[in-house]
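Visitor: Right, I'll just put the structure down here and ask away after.
Just so you know, all these numbers are worked out from the coordinates, no wet-lab data involved. Not measured: the values here are computed from a predicted model. So basically every Cβ, Gly included, is an ideal-geometry build from the backbone, and we count neighbours across all protein chains shown.
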C-alpha cells in the first residue's frame, strides 16, 4: 500500500533540480580546483616521522605522490640531501 506524502512534505521537481544542480556544480568545481590543503612543516614532519617509524603502509602507498613545497624549503631539502650524500 503506497501512501502519498502531503504536498508540503514532497520535494518539488524545482527543489530536486535545484539541489541536484547544486551538487553537480560543486562536483564540477571540485574537478577544476586543485585538490590542495595547507599544513605546517612541523605538523607534516611529526606525522611523517611517526608513520615512517611505525612502518605504516599508507606512507609506502603514497611514496610516489608529488608534494608542493615552497622554494626555500625545496632548496634546503636539496642541500640537505647533497650534504647527507657526501657524509655517507
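Visitor: When both residues are 6+ apart or on different chains and their Cβ atoms are under 9 Å apart, which pairs have a first residue that lies in the stretch 59-88 and is under 19 Å from residue 35 (Cα atoms), and a second that is in a loop (DSSP other than H, G, I, E, B)?
Guide: Pairs that qualify, where the first residue is under 19 Å from residue 35 (Cα atoms) and the partner is in a loop (DSSP other than H, G, I, E, B), are 68/34; 68/36.
Visitor: Going by what's in this entry, would residue 48 be described as more than 15 Å from the chain's Cα centre (by Cα), touching a residue at least 24 places away in the same chain (Cβ under 8 Å), surrounded by 10 or more Cβ atoms within 10 Å (Cβ to Cβ) and on the phi < 0 side of the Ramachandran plot?
Guide: Spelling it out, it is not the case that residue 48 is more than 15 Å from the chain's Cα centre (by Cα), touching a residue at least 24 places away in the same chain (Cβ under 8 Å), surrounded by 10 or more Cβ atoms within 10 Å (Cβ to Cβ) and on the phi < 0 side of the Ramachandran plot.
Visitor: Considering only the stretch 56-88, state which residues are surrounded by 10 or more Cβ atoms within 10 Å (Cβ to Cβ) and part of a loop (DSSP other than H, G, I, E, B).
Guide: 56, 62, 69
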